[in-house]
Amino acid sequence: MHRFLYKLQPVIVQYTTRAYIYAKSITMRCSLFLFAACLYCFSVTAQDTASAVKQPVISLMPFADAAHHWYDITEGTNIINPLPGRPKYQPTEIAAIADNMLLFQKTNGGWPKNYDVQAVLTAEQKDSLLKAKDRLNTTFDNGTTYTHVVYLSKAYGYTKTEAYKQAAERGLDFILSAQYANGGWPQYYPLEKNYSRYITYNDGAMCGIMWLLKDIAEDNPVYRFIDHNRRLHIQAAYEKGLACILKTQINDAGVPTAWCQQYDEVNLQPAWARAFEPASICNGESVDIVLLLMSIQKPSAAVIEAVQHAAAWFKVSMIKGIRVETFKAADLQTQYTLSKTDRRVVPDSMAPPIWTRYYELKTHRSLFCNRDSKVVYSLAEVDRERRDGYGWYTYSPQKVIDKYPAWQKKYAAGRNVLQ
């Protein structure tokens, strides 16, 4: 009603003004003046009310990496590629974005990686996606599949569109079917004959799945539509995943540390992935794991110990007095990227603590690597293409260190491993 009267305000004012001009008595003019004043006050209130009503928005940040890959990195496996000058859906256009997700979803319930879910697709692009539904390049890499389930679940909550609910359920079933008996998840499913078979913590793949399952197990209202039987399977999968995380914490000479990026799916040992990603203690990916463990409201003794050892590891692996500087350099075109900058480590007594991405197993030396799988021990020894194109240093462990005091007081009183 407020919006209706607000839209009619100009018409009402026009005719009220005319009536005032042609009114024959003072009484009539006073009445019309008071009516116009009331109308003005009411319309201001209506305008404020209308502007205060905001359309819902579901965060699209989880899809940023995929969009970056679609636009900036050529992938030979893409079904469709971006076209120049095409518009994007606004974040408020939830139904349009969710409909895109339905187009990208495969027949097995999973999603392929590296597309922009906000892209306004052409009829030809949509047709190509529909014809490729059975091409099962489905994955959890680059924030894929589990993020789609989250978005579609929220979209269903806003729109009550049954198709979004069904797609989210199929996505959950895909996640459950992809889990190994030991509790881990591969990077791709169906399984491929390469490192993507490994249990994958890299880029938050397994942790992303675990956060979703944890939310469902803890009865987050977003997922109230999930039926009882599916919830039982999800709870069991979450518990198996948690057990896998605890099993894979790297124990060097009897002292647990942190985690590797990926593990052999059979023997649960740290494993190489890409040629420049060695089996090692990986601090960046370990942070996501520790934050997940710290979020558990009633942690077991095993979970508490895992957090304690990881926090202690972040303390001893901390590097002080340096920072990584990025500077302009001559263009370097490689078969992978065009590099316009370079990086170097410089001393800086005022710099915050920093950590390397990799630490060598057993020796705990900072570890770097080239595309030829040659291990080196300083950033300067890395070829420029990888030196500039990969994240060799991280500040992420500081997140755990910042959260640790409150967690420790609650769950490990009297044993502060950071002191």
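The values are calculated or read from the model by the stated rules, or taken from the named source; none is laboratory data. What you are looking at is a predicted structure, and each value in this text was computed from that prediction instead of being measured. Virtual Cβ from ideal backbone geometry, glycine too; neighbours counted across all protein chains shown. When the accessible area is computed, the model is the full protein with side chains, heavy atoms only, and any ligands, DNA or RNA have been set aside. Shrake-Rupley method; radii C 1.70, N 1.55, O 1.52, S 1.80 Å.
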**Study point:** Residue selected from the stretch 357-409 under the condition touching a helix residue (DSSP H, G or I) at 6+ places or on another chain (Cβ under 7 Å) and among the β-branched types (Val, Ile, Thr), by the criterion farthest from Ala306 (Cα to Cα)
**Key:** Thr394
Check your understanding: Restricted to the stretch 123-154, and to residues that are more than 17 Å from the chain's Cα centre (by Cα) and of a type in the set (A, V, I, L, M), which residue is surrounded by the most Cβ atoms within 10 Å (Cβ to Cβ)?
Key -> Leu129
Exercise for review: Within the stretch 83-117, track down each residue that is basic (Lys, Arg) and open to solvent by less than 70 Å² (accessible area, probe 1.4 Å).
Suggested key: Lys106, Lys113
Practice item. Scan the stretch 293-301 and give yes if some residue there is at pLDDT 95 or above, more than 26 Å from the chain's Cα centre (by Cα) and not acidic (Asp, Glu), otherwise no. Key: yes
Exercise for review: Would you please name the residue that is nearest to Arg384 (Cα to Cα), looking only at residues in the stretch 332-350 that are over 28 Å from the mean Cα position of the chain (by Cα) and open to solvent by less than 80 Å² (accessible area, probe 1.4 Å)?
Suggested key: Leu332
Check your understanding: Any residue in the stretch 56-69 that is part of a helix (DSSP H, G or I) and modelled with pLDDT under 90?
Key -> no
Study note, to complete from the structure: Note on the stretch 363-379: residues among the aliphatic types (A, V, I, L, M) and touching a Lys or Arg at 6+ places or on another chain (Cβ under 7 Å) are Leu379
Review point. From the residues in the stretch 387-407 that are more than 24 Å from Leu367 (Cβ to Cβ) and free of Cβ contacts under 8 Å to residues at least 60 places away in the same chain, which one is most open to solvent (accessible area, probe 1.4 Å)?
Key: Asp402
Practice item. Could you tell me whether the stretch 263-283 includes any residue that is in a helix (DSSP H, G or I) and surrounded by 20 or more Cβ atoms within 10 Å (Cβ to Cβ)? Key: yes
Review point. Only one of Thr122, Thr200, Thr107, Thr161 is closer than 30 Å to Gly85 by Cα and not acidic (Asp, Glu); which?
Key: Thr122
**Study point:** Set Ile289, Ile250: member being crowded, with 21+ Cβ neighbours inside 10 Å, among the aliphatic types (A, V, I, L, M) and touching a Phe, Trp or Tyr at 6+ places or on another chain (Cβ under 6 Å)
**Key:** Ile289
